[in-house]
Amino acid sequence: MLQCSLIQKLPSNAIGRDFVIGDLHGCFDLLESLMKAVEFNIDQDRLFAVGDLVDRGSYSLPCLELIEQPWFYAVMGNHEAMMLDYFKAYQRTGYIDPYFDESDESGYIEYGGDWVAKYYQADKATMSQAFEHGLELAANLPLLIVVGENEQRFHVVHSELLRPDYSTNDIKVWLDSDIDEWLENGIPENTKERFYWGRTIMQGYFDPVPQLQVGLSRTFCGHTIHQNIRQKLSHICLDTGAYSSDVNSAYSLTIYDIKAGGSWVSASYCRNELVYGDFV
Ligand SMILES: [Mn+2]
């Protein structure tokens, strides 16, 4: 089971802007160009990440290290969860087999975790200190972030706030009132994994489906790739496939400006120019 604080509550940003970034997957350089494009001010603005900071792209550890920045907030993605699982035995024994691919029964290495081999120290059969620190940072990520009150309120989660009883309940997703209760009593055990693995809403299981779910504030998520931002049942999905943008020009990394009402910028490895738009 994940040992993290699970749910984090933050006030609205009274002095600056709030941005959300889609699944980074190691695309640190794309993030840098987007932050420059929006003139991100680290003294005033905040950046929320929908999880999956690591795997597949070129700069996984630098993306993990962002968690230490006071202006950066992230939730746990399934890739962080898989990475933590993979290194559980190592954290217990202090020893790891150098043959990452062969020793991986979990599928993590094959699923994008092969970058970790770079941080293996053969002389000591351990991982580097910087990598171990990255693991600690990932282990403390919450599953859900709740920001602000009333009209300004928004949530950040990796995949979806789907109720486990969605097939028999008219209301398919958790509401603000449920989340408020979790802030007091914790998130129910039977729903946690859906927060970083679920694909029911974005893969269209309920389509056609309204953009808004009454009673649920805007909930930013990622995990399911599409070339455009999409909104279903108050979930706004920002995974526009950053790590694939070197081979597929339809894909990109997207940053979303919450206070500007959904203006966004995207960067891609395939093209030299940034793309600007408004999500309505
Ligand atoms: Mn994911």
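Laboratory data are not the source of any read-out in this text; all were calculated from the coordinates shown. This structure is a prediction, so every number in the text was calculated from the model and none was measured. Positions of Cβ are backbone-derived with ideal geometry, glycine not excepted, and every protein chain shown enters the neighbour counts.
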### Task
Please turn the phi angles of the range 42-52 into ³J(HN,Hα) values with the Karplus equation 6.51 cos²θ - 1.76 cosθ + 1.60 (θ = phi - 60°), one per residue in order, whole Hz, x for glycine and proline.
5, 8, 10, 8, 10, 10, 10, 10, 7, x, 6
## Note on the structure
Scoring the range 7-278 by relative contact order with C-alpha pairs under 8 Å, at least six apart, yields a percentage of 22
### Summary
Compactness check, the chain: C-alpha Rg relative to the 2.2 N^0.38 Å globular estimate gives 0.98
### Task
Could you work out which residue, out of Trp182, Trp174, Trp197, moves most in a Gaussian network model of the chain, that is, has the largest mean-square fluctuation with Cα springs under 10 Å?
Trp182
#### Entry: Choice from Arg56, Arg92, Arg218 showing the highest fluctuation, given a GNM over the chain with Cα pairs closer than 10 Å
Arg92
### Message
Please report the net charge: other residues with Cβ closer than 9 Å to the Cβ of Glu110, K and R +1, D and E -1.
### Response
-3
### Task
May I ask you to list the lysines whose Cα is less than 20 Å away from that of Lys118, ignoring any residue fewer than eight positions away on the same chain?
Lys88
### Query
How much of the DSSP beta bridge set in the chain is antiparallel, as a percent to the nearest 5?
55
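Count the DSSP beta bridges whose two residues both fall in the range 146-280, then state the antiparallel fraction as a percent rounded to the nearest 5.
70
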### Message
Could you give each residue of the range 27-37 its phi-based ³J(HN,Hα) in whole Hz, using Karplus coefficients 6.51, -1.76, 1.60 with θ = phi - 60°, and x for Gly or Pro?
### Response
8, 4, 5, 5, 4, 4, 5, 5, 5, 5, 4
### Task
Taking the Cβ of Trp182 as the centre, find all other residues whose Cβ is under 12 Å away and add up their charges (Lys, Arg: +1; Asp, Glu: -1).
-4
### Task
Under a cut-off of 17 Å between alpha-carbon atoms, report the lysines in cross-link reach of Lys172, not counting same-chain residues fewer than 8 places apart.
Lys192, Lys232
### Task
Springs between alpha-carbon atoms under 10 Å, Gaussian network over the chain: tell me which of Ser268, Ser128, Ser217 tops the mean-square fluctuations.
Ser128
### Long-range HN-HN contacts of Ser245 with modeled amide H, under 5 Å
Tyr269
### Summary
In deg cm²/dmol, rounded to the nearest 500, the helical mean residue ellipticity at 222 nm of the chain, built from -39500 (n - 2.57) for every DSSP H run of length 4 or more, is -5500 deg cm²/dmol
